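Asks: My questions all concern the structure below.
The values are calculated or read from the model by the stated rules, or taken from the named source; none is laboratory data. Being a predicted model, the structure only gives us computed values, none of them experimental. Cβ: placed from backbone, ideal geometry, glycine included. Neighbour counts: every protein chain shown. Heavy atoms of the whole protein, side chains included, go into the accessibility calculation; ligands, DNA and RNA do not. Shrake-Rupley method; radii C 1.70, N 1.55, O 1.52, S 1.80 Å.
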Amino acid sequence: MCLYAEKPLAADMEEGTKLMALAKEKNLLMGGAPDTFMGAGIQTARKVIDDGLIGDVIGATCAMIQHGPETWHPDPDFLYKRGGGPMMDMGPYYVTALVQLIGEAVGVTAVTKKSFKERLITSEPHYGQKIDVEADTYLTGNITFANGAIAQVFTTFDVYYPSQNYARFEIYGTKGTMIVPDPNTFGGPVLLMRPEDVEAMHSDPGLRTGNLPAYAGYKEIPLLFDYNVNSRALGLSDMCKALRTGRDFRANCQQQYHVLEILTSFEKSSREGKFIPLTTHYTRTAPMKNNPMHGILDD
């Protein structure tokens, strides 16, 4: 038997731990979303890292900025209650991608807050109703990884921004920088800048004005894998293939459990005012493989 669920694994670590124990007791195969890391964008970014094109990973920056789902969601109340907030809602995409790209995390340091006590719904059908805010809605902090890399992560429902849902995701290495696509999508682009690209940019007379265009110096990496459009339930298909063949599947509960501890450690760190060491462990799941026929996952 198996269980495949939406993200995150649970609303808190206590619930997550009980689920993990129950799955083990019942000999259940358990896992779930997000599965966007299995798409062409994140998998291409992972290959760039694994092939050493940016050297050793030393850090990352992730940001998800918006002014909240009450402006568009038909029923936004739950996103401000226990288990909600931008870190638990959108953080799973970013943190899952981070552990896929970098590996196991070992601790979190963060500061979080509620900027507004209540929110006014401006979407239908609850237009004009107010929401009492329970979850923190401005969360910023650092994730420390076992390999020494440090990722800065910022999620918020509080900020006015030109884009309704601004996504930023960069990975820094000893030999280059990579811009990773929005981890809530399956596609690209993946952009890479290495030292020789910086030198070439600085030697270009047309780029000496000090007003550089966006992404100047970066080269776009062709997507090297399948599933570059919206492929929700790809993780479920992978689980079904694992049931048939006996191999491991990628969107498994070990990954979800580790991600859940990272997500919940942001508020815990802020509340306790200290570095929170993680108790869960994580091994990256297998990278995707291309199959000659679309829709046929590897054995």
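Asks: So, with +1 on the Cβ of K and R and -1 on the Cβ of D and E, and no other charges, what is the size of the charge dipole of segment 143-250 about its Cα centre, to the nearest 20 debye?
Replies: The calculated dipole for segment 143-250 is roughly 380 debye.
Asks: Let me ask something else about it. In segment 121-206, what trypsin sites (Lys or Arg not before Pro) fall in a loop by DSSP, with at most 14 other Cβ atoms inside 10 Å?
Replies: On the way: sites: Lys130, Arg168, Lys175; in loops: Lys175.
Sparse-neighbourhood loop trypsin sites (Lys or Arg not before Pro): Lys175.
Asks: Leaving ligands, DNA and RNA out of it, work out the accessible area of Lys241 with a 1.4 Å probe and give it in Å² to the nearest 10.
Replies: Accessible area of Lys241: about 40 Å².
Asks: Something else: Express the C-alpha Rg of segment 234-299 as a ratio against the empirical globular expectation 2.2 N^0.38 Å, rounded to two decimals.
Replies: Here the answer is 1.52, to two decimals.
Asks: Here's another thing I want to ask about it. Binning at 10 Å from 0, report for segment 152-263 what percent of all alpha-carbon pair distances ends up in each bin.
Replies: 10, 26, 34, 20, 8, 2
Asks: Turning to a different aspect of this structure: Please report, in cubic angstrom per residue, the volume enclosed by the convex hull of the alpha-carbon atoms of segment 94-223.
Replies: Considering the Cα atoms of segment 94-223, their hull volume per residue is 170 Å³.
Asks: Hey, got the dipole for the chain? About the Cα centre, +1 on K and R Cβ, -1 on D and E Cβ, debye to the nearest 20?
Replies: That gives a dipole near 300 debye.
Asks: Along each of the three principal axes of the Cα atoms of the chain, give the extent in whole Å, ordering the values from largest to smallest.
Replies: Extents along the principal axes: 57, 50, 40 Å.
Asks: Which whole-angstrom value gives the distance between the alpha carbon centres of segment 153-194 and segment 1-16?
Replies: Here the answer is 26 Å between Cα centres.
Asks: List the residues, sorted by chain then number, that are 5 or more residues from Val180 or on another chain and whose placed amide H is less than 5 Å from its amide H.
Replies: Close amide H contacts, sequence-distant or interchain: Phe169, Glu170, Ile171.
Asks: For segment 139-201, what class follows from the C-alpha gyration tensor (a ≥ b ≥ c being the square roots of its eigenvalues): rounded when a/c is under 1.5, otherwise prolate if a/b is larger than b/c, else oblate?
Replies: On the way: a/c = 2.06, a/b = 1.34, b/c = 1.54.
Cα axes put segment 139-201 in the oblate bin.
Asks: Over segment 88-157, what is the relative contact order in whole percent, taking alpha-carbon pairs under 8 Å and six or more residues apart?
Replies: The value is 33 percent.
Asks: Which order do you get for Phe169, Phe275 if you rank them by accessible area with a 1.4 Å probe, largest at the top?
Replies: Working: Phe169 5, Phe275 95 Å².
Descending order: Phe275, Phe169.
Asks: Could you give me D for segment 53-164, from Stokes-Einstein at 25 °C and 0.890 mPa s, where the hydrodynamic radius is the Kirkwood radius over C-alpha pairs? Units µm² s⁻¹, please. Please list the in-between numbers first.
Replies: Values: Rh = 15.1 Å.
For these conditions, the coefficient is 163 µm²/s.
Asks: Given the options Asn27, Asn184, Asn252, state which has the largest fluctuation in a GNM of the chain using a 10 Å cut-off (strictly under) for Cα springs.
Replies: In this elastic network of the chain, the residue with the biggest mean-square fluctuation among Asn27, Asn184, Asn252 is Asn27.
Asks: Of Met239, His202, Val48, which is farthest along the charge dipole of the chain in the positive direction, counting Lys and Arg as +1 and Asp and Glu as -1 at C-beta?
Replies: So the residue furthest toward the plus end is Met239.
Asks: How much accessible area per residue does segment 70-191 have, in Å², with a 1.4 Å probe?
Replies: 43 Å²
Asks: Now a separate question. Can you sort Val198, Val111 by 1.4 Å-probe accessible area, starting with the largest?
Replies: Correct descending sequence by accessible area is Val111, Val198.
Asks: When the helices in the chain are scored as -39500 (n - 2.57) per DSSP H run of 4 or longer and the sum is shared across all residues, what 222 nm value do you end up with, to the nearest 500 deg cm²/dmol? Kindly include the intermediate steps, with their values, before the conclusion.
Replies: On the way: 7 runs with 81 residues, N = 299.
So the helix-based figure for the chain works out to -8500 deg cm²/dmol.
Asks: Moving to a separate point now. For segment 3-82, count the residues as N, evaluate 2.2 N^0.38 Å, and divide the Cα radius of gyration by that value, please. Let's see the in-between values first.
Replies: Working: Rg = 17.7 Å, N = 80, 2.2 N^0.38 = 11.6 Å.
In units of the 2.2 N^0.38 Å rule of thumb, it is 1.53.
Asks: Hey, another quick one. Whats the longest run of the chain with zero GluC sites (Glu not before Pro) that are DSSP loop and have at most 16 other Cβ atoms within 10 Å?
Replies: Values: sites that count: Glu6, Glu104, Glu134.
It works out to 135-299.
Asks: Further question: Calculate the dipole size of segment 224-299 relative to its Cα centre from +1 charges on Lys and Arg beta carbons and -1 charges on Asp and Glu beta carbons; express the result in debye to the nearest 20.
Replies: Here segment 224-299 has a charge dipole of around 60 debye.
Asks: Just by accessible area at a 1.4 angstrom probe, what is the order of Tyr93, Tyr161 from largest to smallest? Walk me through the numbers on the way to the answer.
Replies: On the way: Tyr93 25, Tyr161 105 Å².
Most to least solvent-accessible, the answer reads Tyr161, Tyr93.
Asks: Right, next: Determine how large the accessible area of Arg247 is when every protein chain is in place; take a 1.4 Å probe and give Å² rounded to the nearest 10.
Replies: 50 Å²
Asks: Length gain on complete extension for the stretch Phe78 to Asn290, per 0.36 nm per residue less the alpha carbon to alpha carbon distance?
Replies: Length gained between Phe78 and Asn290: 72.5 nm.
Asks: How large a share of the accessible area of segment 1-160, in percent, is made up of carbon and sulfur atoms when the probe is 1.4 Å and the other protein chains stay in place?
Replies: 56 percent
Asks: Contact order normalised by length for the chain, with contacts defined as Cα pairs under 8 Å and 6 or more residues apart; what percent is it?
Replies: 27 percent
Asks: Give me the Kirkwood hydrodynamic radius of segment 55-107, using the inverse of the mean 1/r over all pairs of distinct Cα atoms, in Å to one decimal. Working shown, then result.
Replies: On the way: mean 1/r = 0.0763 Å⁻¹.
Radius from the Kirkwood sum: 13.1 Å.
Asks: Could I ask something else about it? Over 20 Å between Cα atoms, which of Lys7/Lys81; Lys81/Lys268; Lys47/Lys241 qualify?
Replies: Lys47/Lys241
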